[in-house]
Amino acid sequence: MDKFEIDACVKWIDEKNFQKIALQVPDDDLDKVHDLIDRLKSSSQNENIEFFLVGDGCSPCCNDLLNGQYCQAQGLIHFGHSCLSSTSDDKQQSISIFYVFYQRSLPSDASTFLSTSDDNNDNKPYRLVFFDPCFRDAIEQYSSSSSNLIFSKINNENITDSSCFSLYGRSVHLPVTLDPSNYSIIFISHSKASLHNFALYFYAYEFYSFPSSSISSSKLISKRMYAIECARNGSSYGLLISSNSLLNLPSTIHTLLDRIKSVFDKNNRQYYTFLMNTLSITKLNNFERNIDTFVLCSSCPESLWLSPEHKQFNIPLISLADIVQAFETTDENLSMNYSFDLQQILSTMKPIDDNDITNKVDETKSLVLKHPNSLVLQQRDGINRGLDNTQKWWGLQMNDEDKNDEKEKHPIAELKEGITGIAAGYNHEKF
């Protein structure tokens, strides 16, 4: 039970004086939840504290704030690996978050490399060391091992200091300008997704990864170049948003969406906004006639859908960064650093200038279904692509409102227990 850092959790709960706490635990540790709650309750000064188990509403690395709100939790304790997508200084975020990263010892090859850093000459004045959160404690003993090693820190706050570089929840103070001639990059990973993200961002730098792995930055770049071309060639886009992303980075995503829609308006592109909490290829294929390219507007930079190992299906699925690269830059000025970090993307976008928007639609049409499980679709000029108010979607079912015959409509029936036993004695089926 040491990895759960119970004393630190109890201290945080008592300092905040919380009454309701949401616990997000990895699947592998669900069998330990009962003992964990007993230890937390017995150690806390608050005898009336309540705990709720959440985590099935999003990826394990993200904070399940949606279910946390359903529980009316005041705080959430996230156990295990985190993509660090939430920022603690977002004033619109309603639930406080405490991380327990399951601290680990460094891989042996990483420990050896850091201990003998002065002997490894790559002709760079400095080396930036980034790592996954589970190595935070183990990395402290090497913080003064070499003068050319600069260690990052886990930080989920929005950094405004110009001398501080921030990426994917890590921040580091830079003595000189960030440039491939000044720095080489060291990344110690536990998550393959975070390794891919850092290798993609620093593809122009000398890059060392531990545990040692053969990662091809050229393949990562080639896939993003394909996504950028899909962004440029599309005429109709589907913006995919989840409720949990809106809760993790509310102000950032709202600002980004406003700017992305402004870019589409300026370039005379058509777009639709989908609120879809659980993505699936079957759902997205319902709109293959109407959507050229889907854009994933997710707060999670380690999303499986953006992984280089994820195979594309018949409709391209790209990131917000691909849209920015496609419409905000030219081929000669493509960014040397490619990031899925929404705050990084927002910092590279131009502010909205209403004078640059031409042929802007004054009135946005909307198609909204009132059922809680329905798909919310906000459309711009949707009649041109066959999406108008004569159609509605409910999950995977498509109904035509012109059908007024009640016999053709099948109402949702209450689930009832059926007949049990051995199947025998059928006489009404044709063989």
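Whether a residue is touching a Cys at 6+ places or on another chain (Cβ under 8 Å), surrounded by fewer than 19 Cβ atoms within 10 Å (Cβ to Cβ) and not β-branched (Val, Ile, Thr) was assessed, and Leu304 does not pass this test. Here is the figure for the range 178-222: residues that are among the charged types (D, E, K, R) and within 22 Å of the chain's Cα centre (by Cα) total 2. If you filter the range 154-172 down to residues that are out of contact with any His (no Cβ under 9 Å at 6 or more places or on another chain) and surrounded by fewer than 13 Cβ atoms within 10 Å (Cβ to Cβ), you find that the one that is modelled with the highest pLDDT is Ser162.
Scanning the range 194-216 for residues that are in contact (Cβ under 8 Å) with a residue 12 or more places away in the chain and open to solvent by 30 Å² or more (accessible area, probe 1.4 Å) yields a total of 9.
Screening Pro175 with (1) within 22 Å of the chain's Cα centre (by Cα); (2) touching a residue at least 40 places away in the same chain (Cβ under 8 Å) gives one miss only, at (1).
Restricted to the range 1-91, the set of helices (runs of 4 or more DSSP H) holding at least 2 residues that are surrounded by fewer than 20 Cβ atoms within 10 Å (Cβ to Cβ) and over 23 Å from the mean Cα position of the chain (by Cα) comprises 6-16, 33-43. The set of residues in the range 236-295 that are on the phi < 0 side of the Ramachandran plot, open to solvent by 20 Å² or more (accessible area, probe 1.4 Å), assigned to a loop (DSSP other than H, G, I, E, B) and in contact with a Ser or Thr (Cβ under 9 Å, 6 or more places away or on another chain) comprises Ser242, Arg269, Asn277, Thr278, Leu279, Asp292.
The values are calculated or read from the model by the stated rules, or taken from the named source; none is laboratory data. Everything numeric in this text was worked out from a predicted model, so none of it was measured. Note that we place each Cβ from the backbone using ideal geometry, even for glycine, and neighbour counts take in every protein chain shown. With ligands, DNA and RNA removed, areas are computed over all heavy atoms of the protein, side chains included. Shrake-Rupley method; radii C 1.70, N 1.55, O 1.52, S 1.80 Å.
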